[in-house]
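A short worksheet on the structure shown next.
The values are calculated or read from the model by the stated rules, or taken from the named source; none is laboratory data. None of these values were measured; they are calculated from a predicted model. Methodologically, a virtual Cβ is constructed for each residue, glycine included, from the backbone with ideal geometry; neighbour enumeration extends over all protein chains shown. These accessible areas exclude ligands, DNA and RNA; they are computed on the full protein's heavy atoms, side chains included. Shrake-Rupley method; radii C 1.70, N 1.55, O 1.52, S 1.80 Å.
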Amino acid sequence: MASGGGVEEVTNKQVLFKEYVSGLPKESNMHVSTSGTIKLKVPEGSNAILVKNLYLSCDPYMRPRMDQPTPGSQSYVDSFKPGSPIVGYGVAKVLDSGHPDFKKGDLIWAMTGWEEYSLITKTQGLFKIHHTDVPLSYYTGLLGMAGTTAYIGFYEICSPKKGEHVFISAASGAVGQLVGQFAKLSGCHVVGSAGSKEKVDLLKNKLKFDEAFNYKEEPDLDAALKRYFPEGIDIYFENVGGKMLDAVLLNMRAHGRIAACGMISQHNLDKPEGVHNLMHLIYKRIRIEGFFVFDYDHLYPRFLELVLPQIAEGKIVYVEDIAEGLESGPAALIRLFSGHNIGKQVVFITQE
């Protein structure tokens, strides 16, 4: 720890991105560095904020950010830069602020660096945390991007009706577990797929899905879906893509809705799989819509109005998989990409 001109300067442990990735990422694609330092003061005249990071979020969208950008490629987020810290959503405490809307001591959730301290210069998209009677880690998931994604995709995109049949892939993940609970609270029949017996048990016992199955044990996904949805699927919350989407299209009901949230099965493939049953969109008048949660930031207060009472009343539960320490970040992210996490993958750095 050093001090220059009255400004304290401290070491700043960081998780650095080492190199672009092809296929399944490895821990060695990242590196924990203790050589960095940071001044604990916002530069004079800046409207940035300086934060101490408390929790970091591991999310599927971070995998495409590890790909080398190619001319003409399209993505809603930029690739990570080799030699720079990994960037993602996190929960942080403000240490210093040049921004009129934030002051020292405020808690926020926002896009931040995978490091102990971050100077955030792009302040659009920062959310101040007003409700602290829930675990702060919830703002990496349930009360953060994942929760808002589940809310937007299910209610705004799919417009559910009581009694409808809902299928959710990757259902035990950060988003899927919430979509299932929203669907149950809406009076729907809910089935989820996941990749292990432990996850299937979690869906049926703790998260109260009506049914769940392990897709790895189903050689014929079309037959599996016909078994669980003999009358067809009204709403599909799409997190997987590929063969699962193909099978779902065969089992959708007329005027069904598909919220295309993610396609994690395609992230580690050099060449994406094709989808062959798209004619069913026409035969059955199915509406499929992709969405970015960022486009719905204005609905965040409405989301909190719905979900905070449900949490307080025990109507919504949330399963987290929390790794301890910034140095555990690379392994936690790889766990997410390989499907070994149970629930929302979070990295805990430090207490307030």
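Please report, in debye to the nearest 20, how large the charge dipole of the chain is about its Cα centre when each Lys and Arg carries +1 at its beta carbon and each Asp and Glu carries -1 there.
Computed charge dipole of the chain: roughly 460 debye.
In terms of modelled amide H atoms, which long-range or inter-chain residues lie less than 5 Å from the amide H of Met252?
Ile233
With point charges of +1 on the Cβ of Lys and Arg and -1 on the Cβ of Asp and Glu, referenced to the Cα centre of the range 134-253, which listed residue (Cys188, Leu143, Asn239) lies farthest in the positive direction of the dipole?
Leu143
Using 0.36 nm times the number of residues separating Leu185 and Lys26, minus their current alpha carbon distance, what extension gain do you get?
Stretched fully, the Leu185-Lys26 segment lengthens by 53.4 nm.
Give the percent of DSSP beta bridges with both residues in the chain that are antiparallel, rounded to the nearest 5.
Of those bridges, close to 60 percent are antiparallel.
For the range 209-352, what number of Lys pairs, 8 or more residues apart or on separate chains, have alpha-carbon atoms under 23 Å from each other?
Lysine pair count for the range 209-352: 9.
Express in nm, to one decimal, how much length is gained between Asn47 and Ser338 on full extension, taking 0.36 nm for each residue of separation and deducting their alpha carbon distance.
Numbers: separation 291, 0.36 × 291 = 104.76 nm, distance 3.91 nm.
The span from Asn47 to Ser338 would gain 100.8 nm if fully extended.
Mean-square fluctuation check for the chain, GNM, Cα pairs under 10 Å: which of Ser84, Ser118, Ser57 is largest?
Maximum fluctuation in the GNM of the chain, among the listed residues, is at Ser84.
Using a Gaussian network model of the chain whose springs link C-alpha atoms within less than 10 Å, name the residue from Gly314, Gly339, Gly144 with the highest mean-square fluctuation.
Gly314
Could you put Ile349, Ile168 in order of accessible surface area, largest first, with the 1.4 Å probe and the full protein assembly present?
Correct descending sequence by accessible area is Ile349, Ile168.
Run the reach check for Lys184 against aspartates and glutamates, Cα to Cα strictly under 16 Å, same-chain hits fewer than 8 apart removed. What comes back?
Within the straight-line cut-off, Lys184 pairs with Glu164, Asp210, Glu211, Asp234, Glu313.
Counting only protein heavy atoms, what percent of the accessible surface of the chain is carbon or sulfur at a 1.4 Å probe?
Using a 1.4 Å probe with all protein chains present, the chain comes out at 51 percent carbon and sulfur.
Under a 1.4 angstrom probe, counting protein chains only, how are Lys206, Lys104, Lys162 ranked by accessible area, largest first? Intermediate values should be presented prior to the final figure.
On the way: Lys206 105, Lys104 155, Lys162 175 Å².
Greatest to least solvent exposure: Lys162, Lys104, Lys206.
Where is the GNM fluctuation largest for the chain (alpha-carbon springs, 10 angstrom cutoff): Ser35, Ser79, Ser137?
Judging by the Gaussian network model, the answer is Ser35.
Quickly rank 326-332, 237-243 as a protection proxy: mean count of other C-beta atoms within 10 Å, highest first.
237-243, 326-332
Among the aspartates and glutamates, which fall within straight-line cross-link reach of Lys104, defined as a Cα-Cα distance under 14 Å, with same-chain neighbours fewer than 8 residues apart omitted?
List returned: Asp96, Glu352.
In debye to the nearest 20, how big a dipole does the range 137-250 give about its Cα centre with +1 on each Lys and Arg Cβ and -1 on each Asp and Glu Cβ?
340 debye
Return one quarter of the surface area of the convex hull spanned by the alpha-carbon atoms of the range 107-232, equal to its mean projected area, in nm². Mind dumping the intermediate values first?
Values: hull surface 40.1 nm².
For the Cα atoms of the range 107-232, the hull's average projected area reads 10.0 nm².
Hey, rough spin-label estimate for Lys81 and Glu289, points 7 angstrom out along Cα→Cβ, what's it come to in nanometres?
In this crude spin-label approximation the distance works out to 3.6 nm.
Between (i) 18.3; (ii) 17.2; (iii) 22.2, which entry matches mean projected area of the Cα convex hull in nm² as derived from the coordinates of this structure?
Structure-derived value, by its label: (i).
With charges set only on the Cβ (+1 for Lys and Arg, -1 for Asp and Glu), what does the dipole of the range 206-306 come to about its Cα centre, in debye to the nearest 20?
Numbers: 13 positive and 16 negative charges, 45 e Å.
Its charge dipole is roughly 220 debye.
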